[in-house]
Every structure is written in structure tokens, then in C-alpha cells.
Amino acid sequence: MARNNKIHDHFFFFQAPIVIVILAKDKTNGLLAAQNMEFIAEANGLGVLYSGFFTTAANISGKIRKALKIPKGKHAAMTLVLGYPDVKFLRSARREALDVKYM
């Protein structure tokens, strides 16, 4: 099934207006930065998609690394795909009651 996918201009990013590739020496610091960026983006009404697929491709492919000008010693920690969502949810998903014990 994966072989039948056609790669086109919007294959990775679904026509999103902006993509941020976070580069870091230490992956943990890059992931923490991505998390904070997600909080701010969502607070401003943007939808955020973590693209682990593109992050992996950017770290493996020499062509993508060259196109992104990723310097030696750094790697793509995470890729954020940002845009305004086409749908607006009026309520959150139903959740099961929590089973919590306070001590």
C-alpha cells in the first residue's frame, strides 16, 4: 500500500501554510521546545501536527538534510506542521471517569 502512494508537493505537509523543523544537538531539548511551541500555537487558534515521519526522513536522507541546510552535529528533533483547522469542535471528546486515589 505504501508503494502506491504518489509523492507530490503536499505529500508530507497536507497543504499546511507553515512547517517548522526544530534542530537540536540534544533531542530532548528539541522535543521540549516543540512542546512549548505547540502550546503557544494552539492558544492562538492554530492546529498542530507532529510529523515524526518527516523528522525521520530528514535525519536519514542526505538530500533532505542538504535542502534544509542542517549543520553537522545537529539533527531534526521534531517537525511541526501548522495551520488553521478546517473544523471546529464545540465540545471535547467524552472521557471515562478517572479512578484516582489521594493519599
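Quick notes on this one:
- Helical content of the chain, expressed as a calculated mean residue ellipticity at 222 nm, amounts to -9500 deg cm²/dmol (DSSP H runs of 4 or more residues, -39,500 (n - 2.57) each, divided by residue number, nearest 500).
- For the pair Ala93 and Asn59, label points projected 7 Å from Cα toward Cβ lie 2.6 nm apart.
- Under the criterion of Cα pairs below 8 Å and six or more residues apart, the relative contact order for the range 14-103 equals 44 percent.
- Accessible-area composition of the chain, carbon plus sulfur, in percent [1.4 Å probe]: 58
- Amide hydrogen neighbours beyond the local backbone of Gly83, cut-off 5 Å, H modeled: Gly47
- On Cα atoms only, tilt of 27-43 relative to the major axis of the chain in degrees: 60
- Computed magnitude of the charge dipole of the range 10-99 (debye, nearest 20; Cβ of K, R +1, Cβ of D, E -1): 520
- Counting lysine pairs in the chain whose alpha carbons fall under 27 angstrom apart, excluding pairs fewer than 8 residues apart on the same chain, gives 16.
The values are calculated or read from the model by the stated rules, or taken from the named source; none is laboratory data. Remember, it's a predicted structure, so these values are computed and weren't measured experimentally. Cβ sites come from the backbone with ideal geometry, for glycine too, and all protein chains shown count toward neighbours. Keep in mind that these areas ignore ligands, DNA and RNA; they rest on the heavy atoms of the full protein, side chains included. Shrake-Rupley method; radii C 1.70, N 1.55, O 1.52, S 1.80 Å.
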